[in-house]
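Just so you know, all these numbers are worked out from the coordinates, no wet-lab data involved. Fair warning: this is a prediction, and the values are worked out from it, not measured in the lab. Neighbour counts run over all protein chains shown; Cβ positions are idealised from the backbone, glycine included.
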Amino acid sequence: MPARLILAVALAFALASACSSCALSRTRSASDSEKASVASALIPAAPIGEFRADWRTFLRERNVIVIAGAEIEDLEVSSDGVSGSFGFTYRPGSYAGAMERGNAAACIRPGYFLTCAHVVVQRPISIIVNNGDSWSHALGEVVWWDRDADLALIRAPISAPAIFDLAAAPPEPGSVVVAGSSQGPSAGHVIGLSGGTALAPPDRLTCDLPTKPGDSGGALVDVTGRLVGVVTRVTGPGAGVHDSAILVPDRLERIVADAVRAAESP
């Protein structure tokens, strides 16, 4: 396999997120206009909290691209601010024989990114950050993994321009949620919550986001811009119903704190 890949990816709205579980050379299907019309009808027009930012900028600053299965050596991006493509060369000998491309959400503290476990099965893992006027990349490592929850935490010597705040509680059924994707923001409603016990909150939600298979790892936020989960998989007919893992803030904070202590210990 050549050491250069050109990814014909619709980077709509210049969002720094992508999708996994799809061939890297595959061009996305042309249904962006339909998706955008659905999203515009649901996404609140008001600024998000104290950041006073639009949804596109808000998500772009906090989402990153994950390439699992090769170490990126050089990155080349072509974009007109609406769509574009990116290509990269990988370090000789680093290709694992297969690659996955996915999203991850910057959270808790700089250099930590939450994604889906199935996105980071291959090694090595490269993180790509959209800084607004430039792009950067670095190797990352998985410091926590939960296959059953389909969640993983990556640490890398690189930071996104901003990080997500965590929601204090799961969103209520019927409430609007917004997801980041390489095709731009999309929005839908929470259909239901599942899992959990009398002593623990629900651990999964289902929502009717108008997204496609391959959007794994994309951040899912409530209408205030707080992180409530990441898109994990399509569960319903077609491509309109997704499961999304719910974050328990204190649990994720403990996971990150443990990872930091492990990294700093001699």
Arrange Ile108, Ile67 by Cβ neighbour counts within 10 Å, fewest through most, would you? Ile108, Ile67
Highest to lowest packing among 166-176, 135-145, scored as the average C-beta count within 10 Å: 135-145, 166-176
Taking 35 Å as R0, compute the FRET efficiency from the Cβ-Cβ separation of Thr224 and Trp135 and round it to 0.05. 0.80
Row for segment 110-188, column shape: gyration tensor on C-alpha, a ≥ b ≥ c, rounded if a/c < 1.5 i.e. under 1.5, prolate if a/b over b/c, else oblate; value oblate
